[in-house]
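The values are calculated or read from the model by the stated rules, or taken from the named source; none is laboratory data. Everything numeric in this text was worked out from a predicted model, so none of it was measured. Here the Cβ positions follow ideal geometry from the backbone for every residue, glycine too, while neighbour counts run over all protein chains shown.
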Amino acid sequence: QVQLVESGGGLAQPGGSLGLSCAASGSIFAIYTMAWYRQASGTRRELVATITSGGSSSYADSVKGRFTMSRDKAKNTIYLQMNSLKPEDTALYYCNIVIGGRAYWGQGTQVTVSS
């Protein structure tokens, strides 16, 4: 059974930084692409960033140049470093992995950007 647990959300001021982590159970996750999604109140969940098993990352245009996704296979953990935060980055952030056509999600961690 795959379990994902996010941590690190909180409150930041515009222009500030926050870092998120997502710990996965089991070492199998290392061979799969993983992703961060976010969902603001009243909106659809949107893809923020992905990282392949080889460490190649891609980003939504809205966060490109400000967010950095990374992974530590030894720790079964992925990260999302968020810099130059904007109020529109406020959302519930989820990590995600798809295995055998089934999507697994963490419980989400809240990020709020406000002065």
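Which of the residues belonging to segment 4-40 are at pLDDT below 95, assigned to a loop (DSSP other than H, G, I, E, B) and loosely packed, with under 12 Cβ neighbours inside 10 Å? Listed by number, the list holds a single entry, Gly26. Looking only at segment 23-47, which residues are over 21 Å from Gln81 (Cβ atoms) and polar (S, T, N, Q)? Across segment 23-47, the qualifying residues are Ser25, Ser27, Ser41, Thr43. Look at segment 12-38: where a residue is in contact (Cβ under 8 Å) with a residue 60 or more places away in the chain and at positive phi and a partner is surrounded by fewer than 21 Cβ atoms within 10 Å (Cβ to Cβ) and of a type in the set (Gly, Ala, Ser), sitting 6+ places away or on another chain with Cβ atoms under 8 Å, you get Gly15/Ser84.
Do the conditions hold for Ile51, that is, is it within 13 Å of Phe29 (Cβ to Cβ) and touching a Lys or Arg at 6+ places or on another chain (Cβ under 9 Å)?
On the way: within 13 Å of Phe29 (Cβ to Cβ): yes; touching a Lys or Arg at 6+ places or on another chain (Cβ under 9 Å): yes.
Spelling it out, Ile51 is indeed within 13 Å of Phe29 (Cβ to Cβ) and touching a Lys or Arg at 6+ places or on another chain (Cβ under 9 Å).
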